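For reference, the structure discussed in these notes is given below.
The values are calculated or read from the model by the stated rules, or taken from the named source; none is laboratory data. Nothing here was measured: the structure is a model prediction, and the numbers come from that model. With ideal geometry, Cβ positions are generated from the backbone for all residues, glycine too; neighbour counts draw on all protein chains shown. For accessibility, only protein heavy atoms count, side chains too; no ligands or nucleic acids. Shrake-Rupley method; radii C 1.70, N 1.55, O 1.52, S 1.80 Å.
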Amino acid sequence: MTTTERAMPPLQADERTTLESWLDFYRATLATKCDGLTDDQLRTVSVPPSPLTLLGLVQHMAEVERNWFRRVLLGERVAPVFDPDADPDGPDGGFDLREDVSVEKARATWESEVAQARANCAGRELDQTSSFMGGQVTLRWIYNHMIAEYARHAGHADLLRERIDGATGV
């Protein structure tokens, strides 16, 4: 894996820039937690009995990006990435590892979903709504939800990484 650049969000910016910058910060945090590890390390279940792995987190976040920025935001009917037979309206999966999905493929899929998310959000107003759970959800809400999702999983990734090779922080 490559070394990831992670920019600190600006201390003074408009709301959209602030939200997008924090989301990108946490995306980069997850990538940073995976940088420099081998395939085996990224697949390591570090805290049994939990099956959680760093690679599983990358796959999961690809599914989460796809769900919120394609299914919810645009109403696309796209299948889950890592379990195409799963219910697209079910919970975001991706945690389970398969031998036929390489680390490179998982990372490329995640990066592709992030790029698609950025494109889907470009030009949309924060107050623009999409259908969700019988109601309406704003892009602002989705951004806030995604920041929380990434922040939570960045904490998991930090613990997993420390267990693998002792690296902390970053």
Worksheet item: Is it the case that some residue within region 23-41 is open to solvent by less than 60 Å² (accessible area, probe 1.4 Å) and over 26 Å from Arg163 (Cα atoms)?
Response: no
Discussion item. I'm trying to understand the selection: among the residues of region 149-170, which are in a helix (DSSP H, G or I), over 13 Å from Met61 (Cα atoms) and either in contact with a helix residue (DSSP H, G or I) (Cβ under 7 Å, 6 or more places away or on another chain) or touching a residue at least 24 places away in the same chain (Cβ under 8 Å) (or both)?
Written reply: Asp158, Leu159, Leu160, Arg161, Arg163, Ile164, Asp165
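When region 116-141 is examined, which residues are found to be in a loop (DSSP other than H, G, I, E, B) and either surrounded by 16 or more Cβ atoms within 10 Å (Cβ to Cβ) or at pLDDT 95 or above (or both)?
The first filter runs over region 116-141 and keeps only residues in a loop (DSSP other than H, G, I, E, B), leaving 122-128, 133-134.
Listed by number, the residues that qualify are Ala122, Arg124, Glu125, Leu126, Asp127, Gln128.
When you scan region 133-168, how many residues do you find that are more than 22 Å from Ser50 (Cα to Cα) and either under 17 Å from the mean Cα position of the chain (by Cα) or not hydroxyl-bearing (Ser, Thr, Tyr) (or both)?
First, the residues of region 133-168 that are more than 22 Å from Ser50 (Cα to Cα): 133-147.
After this cut, where a residue has to be either under 17 Å from the mean Cα position of the chain (by Cα) or not hydroxyl-bearing (Ser, Thr, Tyr) (or both) as well, the list is 133-137, 139-147.
Residues in region 133-168 being more than 22 Å from Ser50 (Cα to Cα) and either under 17 Å from the mean Cα position of the chain (by Cα) or not hydroxyl-bearing (Ser, Thr, Tyr) (or both): 14 in total.
Could you please give the count of residues in region 78-96 that are β-branched (Val, Ile, Thr) and open to solvent by less than 30 Å² (accessible area, probe 1.4 Å)?
Keep residues of region 78-96 that are β-branched (Val, Ile, Thr), which gives 78, 81.
Checking which are open to solvent by less than 30 Å² (accessible area, probe 1.4 Å) leaves us with 78.
Number of matching residues: 1.
Checking the structure you have, find out if any residue of region 97-106 is farther than 27 Å from Arg124 by Cα, basic (Lys, Arg) and either at pLDDT 95 or above or open to solvent by less than 60 Å² (accessible area, probe 1.4 Å) (or both). Outline the logic, then answer.
Residues of region 97-106 that are farther than 27 Å from Arg124 by Cα, as a first pass: 97-106.
Remaining after also requiring basic (Lys, Arg): 98, 105.
Okay, now just the ones that are also either at pLDDT 95 or above or open to solvent by less than 60 Å² (accessible area, probe 1.4 Å) (or both), so 105.
Yes, there is a match, as at least one residue in region 97-106 is farther than 27 Å from Arg124 by Cα, basic (Lys, Arg) and either at pLDDT 95 or above or open to solvent by less than 60 Å² (accessible area, probe 1.4 Å) (or both).
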Worksheet item: For region 51-77, how many residues meet the condition of being buried (at least 16 other Cβ atoms within 10 Å of the Cβ), free of Cβ contacts under 8 Å to residues at least 60 places away in the same chain and either of a type in the set (Val, Ile, Thr) or in a loop (DSSP other than H, G, I, E, B) (or both)?
Response: 1
Practice prompt. For region 108-115, indicate whether the set of residues that are in a helix (DSSP H, G or I) and more than 17 Å from Leu30 (Cβ to Cβ) is non-empty.
Written response: no
Response to the item:
Among Leu73, Leu42, the single one that is touching a strand residue (DSSP E or B) at 6+ places or on another chain (Cβ under 6 Å) and not β-branched (Val, Ile, Thr) is Leu73
Discussion item. Any residue in region 26-37 that is over 11 Å from Leu57 (Cα atoms) and touching a residue at least 40 places away in the same chain (Cβ under 8 Å) sitting within a Cβ distance under 8 Å of a residue that is in a helix (DSSP H, G or I) and small (Gly, Ala, Ser)? List the pairs, counting only those 6 or more apart or interchain.
Written reply: Tyr26/Ala151; Tyr26/Ala154; Thr29/Ala154; Thr29/Ala157
Worksheet item: When you look at Asp83, is it out of contact with any strand residue (DSSP E or B) (no Cβ under 7 Å at 6 or more places or on another chain), charged (D, E, K, R) and in a loop (DSSP other than H, G, I, E, B), yes or no?
Response: yes
